[in-house]
Amino acid sequence: MKKTVLITGANRGIGLALCNIYLASDFHVIAVCRQSSQALESIPVEIIQGIDVSESESIKHLRQSVQNRGIDIVINNAGILRRSSISDFNFDDALNMFQVNSLGPLRIVDAVLPALKKGSKIALITSRMGSVADNSSGGSYGYRMSKSALNAAGRSLAIDLRASGISVAILHPGYVSTEMVNWGGEVSPESAAQRLFERIEGLTPENTGTFWHANGEILPW
């Protein structure tokens, strides 16, 4: 019987690359997104679109779609980046990033939790920009804060779900060349997705709650 992976933000970039990798590993892939894409529709995945992770009402459809199914891996990949400095800080942008980057993954976990089981895994795609200890350049207030909050949530999820046999990885994909960073990254989505796949494969109850770079480096909080 095929294992099932659910991936958010699956219509492009890292999410789409992850879909292809899990298909190649003979998973049934549930591709979750706000709006599908031609590239996503060209591969044999199950698409659930119209899901905005920042809106609780939107998540109800996802909950109904997966509640009676078994899910082995959940990858919370959907995220947004709005750059700002202290001199041009936009509070609305910051709140939006918290809704998507911090609370969105928790909404997804809450929706799919009944479909998880002992041995299931949750991956949170975060950023090393959420690391307080690693911050040497300042700026990007809303994005950094939203990812720090996601890291804290991931750590708590790892503790709270350990007794249920569900493990949690908190993963920085690297500086990936996607639309989010105007294609200025250093790693292709395909390379980043492969490394993320390897980290998720290596996730166990013993290392649950770890904050990793996709290359295997453990990052500081």
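Which residue is modelled with the highest pLDDT, if the candidates are limited to the range 71-116 and must be charged (D, E, K, R) and in contact with a Lys or Arg (Cβ under 7 Å, 6 or more places away or on another chain)?
ASP72
Pairs needed: first member in the range 47-63, in contact (Cβ under 8 Å) with a residue 40 or more places away in the chain; second member anywhere, of a type in the set (D, E, K, R) and outside any strand (DSSP E or B); C-beta distance under 7 Å; at least 6 residues apart or different chains.
If the second residue must be of a type in the set (D, E, K, R) and outside any strand (DSSP E or B), the pairs left are ILE51/ARG34; VAL53/ARG107; SER56/ARG107; ILE59/ARG107.
Please specify each residue of the range 147-179 satisfying the condition of being at pLDDT below 90 and surrounded by fewer than 16 Cβ atoms within 10 Å (Cβ to Cβ).
Selection gives TYR175, GLU179.
How many residues does the range 116-127 hold that are surrounded by fewer than 20 Cβ atoms within 10 Å (Cβ to Cβ) and either at negative phi or outside any loop (DSSP other than H, G, I, E, B) (or both)?
The qualifying residues number 2.
Confirm whether GLY142 is over 13 Å from LEU219 (Cβ atoms), surrounded by fewer than 20 Cβ atoms within 10 Å (Cβ to Cβ) and of a type outside the set (Val, Ile, Thr).
Answer is no for this residue.
Would it be correct to say that VAL132 is of a type in the set (A, V, I, L, M), under 19 Å from LEU6 (Cβ atoms) and either out of contact with any Asp or Glu (no Cβ under 8 Å at 6 or more places or on another chain) or outside any helix (DSSP H, G or I) (or both)?
no
Only one residue in LEU81, LEU106, LEU95 is outside any helix (DSSP H, G or I), within 28 Å of GLU57 (Cβ to Cβ) and among the hydrophobic types (A, V, I, L, M, F, W, C), so which one is that?
That would be LEU81, the only listed residue that is outside any helix (DSSP H, G or I), within 28 Å of GLU57 (Cβ to Cβ) and among the hydrophobic types (A, V, I, L, M, F, W, C).
Kindly provide the set of residues from the range 180-194 that are closer than 24 Å to LEU106 by Cβ and modelled with pLDDT under 80, ordered by number.
Of everything in the range 180-194, just one residue is closer than 24 Å to LEU106 by Cβ and modelled with pLDDT under 80, namely MET180.
Would you mention how many residues in the range 38-61 are modelled with pLDDT under 95, touching a helix residue (DSSP H, G or I) at 6+ places or on another chain (Cβ under 7 Å) and within 16 Å of LEU6 (Cα to Cα)?
The total comes to 1.
Filtering the range 204-221 down to residues that are surrounded by fewer than 20 Cβ atoms within 10 Å (Cβ to Cβ) and aliphatic (A, V, I, L, M), which residue is farthest from ALA24 (Cα to Cα)?
So the residue we want is LEU219.
For the range 176-189, does any single residue satisfy the condition of being free of Cβ contacts under 8 Å to residues at least 60 places away in the same chain, in a loop (DSSP other than H, G, I, E, B), in contact with a strand residue (DSSP E or B) (Cβ under 7 Å, 6 or more places away or on another chain) and among the hydroxyl-bearing types (Ser, Thr, Tyr)?
The answer is yes, given that some residue of the range 176-189 is free of Cβ contacts under 8 Å to residues at least 60 places away in the same chain, in a loop (DSSP other than H, G, I, E, B), in contact with a strand residue (DSSP E or B) (Cβ under 7 Å, 6 or more places away or on another chain) and among the hydroxyl-bearing types (Ser, Thr, Tyr).
What tally of residues in the range 15-39 results from selecting those that are in contact with a strand residue (DSSP E or B) (Cβ under 6 Å, 6 or more places away or on another chain) and either assigned to a loop (DSSP other than H, G, I, E, B) or crowded, with 18+ Cβ neighbours inside 10 Å (or both)?
Final tally of qualifying residues: 11.
Among what's in the range 58-78 and is in contact with a Leu (Cβ under 9 Å, 6 or more places away or on another chain) and part of a loop (DSSP other than H, G, I, E, B), pick the residue that is surrounded by the most Cβ atoms within 10 Å (Cβ to Cβ).
If we take residues in the range 58-78 being in contact with a Leu (Cβ under 9 Å, 6 or more places away or on another chain) and part of a loop (DSSP other than H, G, I, E, B), then ASN77 is surrounded by the most Cβ atoms within 10 Å (Cβ to Cβ).
Which of the following residues is surrounded by 13 or more Cβ atoms within 10 Å (Cβ to Cβ) and without any contact (Cβ under 8 Å) to a residue 60 or more places away in the chain: ILE43, ILE7?
Going through ILE43, ILE7 in turn, just one is surrounded by 13 or more Cβ atoms within 10 Å (Cβ to Cβ) and without any contact (Cβ under 8 Å) to a residue 60 or more places away in the chain: ILE43.
Would you call SER137 over 21 Å from LEU203 (Cβ atoms) and assigned to a helix (DSSP H, G or I)?
no
The values are calculated or read from the model by the stated rules, or taken from the named source; none is laboratory data. Note that the coordinates shown come from a computational prediction; the quantities given were computed from them, not determined experimentally. Positions of Cβ are generated from backbone atoms using ideal geometry, with glycine treated the same way; all protein chains shown enter the neighbour counts.
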